[in-house]
Amino acid sequence: VYGDGQQVRDWLYVKDHCAAIREVLARGRLGETYNVGGWNEKPNLDIVHTVCALLDEMRPDPAGPYARLVTYVTDRPGHDRRYAIDARKLERELGWKPAETFETGIRKTVRWYLDNTDWVARVQSGAYREWVDRNYADRSTR
């Protein structure tokens, strides 16, 4: 955890983010900017503890609670304390709102990672990065 972990971010379930982008592509006005947000501003440390609690529930570790593994490092210089997203325009003009609450979205996210450990292992090993490089590195933008 960087510094005291009190940096605030807006949290949004990935499928809700994708749905918002689809909505903007389908119905947004050309040239307009739409901020996508989840109306779920929370300090990073709260997220860490939420994930630890979900792991304790879904895949208990015999060695003890996952929170015992949390470590703190010196905060990076200039680290923003808060990112604020105002998604009212997206809601007002296109009627979009997240389908998931923070609680249901984070639960689904943790479950996905637990159910896809092979994918996680490939990312951690560098195999996924190699795949991306093989498939995308030589593509030029014209």
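Throughout, read-outs are computed from the coordinates displayed, never taken from laboratory work. These numbers were taken from a predicted model, which means no experiment stands behind them. Every residue, glycine as well, gets a Cβ built from its backbone with ideal geometry; the counts of neighbours run over all protein chains shown.
Fully extended, how many nm does the chain gain between residue 92 and residue 127 (0.36 nm per residue separation, minus their Cα-Cα distance)?
Contour length minus Cα-Cα distance gives 8.3 nm.
With +1 assigned to the C-beta of every Lys and Arg and -1 to the C-beta of every Asp and Glu, and no other charges, what is the dipole magnitude of the stretch 93-142 about the Cα centre in debye, to the nearest 20?
My answer is approximately 80 debye.
How far is helix 14-27 tilted off the main Cα axis of the chain, in degrees rounded to 10, range 0 to 90?
Once rounded, the angle reads 10 degrees.
In degrees between 0 and 90, to the nearest 10, how far off the longest principal axis of the chain does helix 44-58 point, with axes built from Cα atoms?
With both axes taken from Cα atoms, the answer is about 60 degrees.
Would you please put 66-76, 28-38 in order of how densely packed they are, using the mean number of other Cβ atoms within 10 angstrom per residue and starting with the highest?
28-38, 66-76
Taking a cut-off of 25 Å between Cα atoms, list the lysines near residue 108, but don't count ones fewer than 8 places away on the same chain.
In chain and number order, the partners are 15, 42, 97.
Across 10 Å bins from 0, what is the distribution of all Cα-Cα pair distances for the chain, in whole percents?
Final binned percentages: 10, 26, 33, 26, 5, 0.
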